[in-house]
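See structure below.
The values are calculated or read from the model by the stated rules, or taken from the named source; none is laboratory data. What you are looking at is a predicted structure, and each value in this text was computed from that prediction instead of being measured. SASA here: full protein model, heavy atoms, side chains in, ligands and nucleic acids out. Shrake-Rupley method; radii C 1.70, N 1.55, O 1.52, S 1.80 Å.
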Amino acid sequence: MKPNLPRRLTAEFFGTLLLVAAVVGSGIMAERLAGGNVALALLANTIATGAALVALILTFGSISGAHFNPVVSVSRCFGRGFVLG
């Protein structure tokens, strides 16, 4: 059974919010833990963001396709990639 449109849009909305929170949070975490080492901060930020993205894709992928980009979701909706109903 395919999830209905409101459920898919809700999954995309919360997935996008959680991804933004993960990116911002991992940036703050990396800056604090790296102690001024920019390379280490970038590595920590990349690993944390990647792990959060994998978790979000596994969580929301079966519901909405896990685009996590409002522009992609809207364009797929208008292009019939996001089948209504």
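What accessible surface, in Å², does a 1.4 Å probe find on T46, ignoring ligands, DNA and RNA and rounding to the nearest 10?
Estimated to the nearest 10 Å², T46 gives 90 Å².
Residue separation times 0.36 nm, minus the C-alpha to C-alpha distance between I47 and I63: what's the value?
3.3 nm
Hey, what's the chain come to in accessible area per residue, 1.4 Å probe, Å²?
66
Just to make sure I understand: if all protein chains stay in place, what is the order of R7, R32 by accessible area at 1.4 Å, largest first?
Solvent-accessible surface, decreasing: R32, R7.
If amide hydrogens are placed 1.01 Å from N in the peptide plane, which non-local residues have theirs closer than 5 Å to the one on H67?
Residues meeting the criterion, in which the H sits 1.01 Å from N, do not exist here.
Taking only complete DSSP H runs, can you tell me which helices of the chain stretch 18 Å or more along their own long axis by Cα positions and average at least 1.6 on the Kyte-Doolittle scale?
38-64
Which value, in Å² and to the nearest 10, is the accessible area of S62 when all protein chains are kept and the probe is 1.4 Å?
Rounded to the nearest 10, the figure is 100 Å².
Mean separation of Cα pairs under 8 Å and 6+ residues apart, divided by the residue count of the chain: what relative contact order is that in percent?
43
Please list I63, I57 from largest to smallest accessible area, probe radius 1.4 Å, with all protein chains kept in place.
Ranking I63, I57 by accessible area, largest first, yields I57, I63.
Could you work out [θ]222 nm for the chain from helices alone, using -39500 (n - 2.57) per DSSP H run of at least four and dividing by all its residues? Round to the nearest 500 deg cm²/dmol.
About -27000 deg cm²/dmol.
When Cα extents along the principal axes in Å is calculated directly from the model, which label among (1) 51, 22, 14; (2) 32, 27, 27; (3) 56, 25, 24 fits?
(1)
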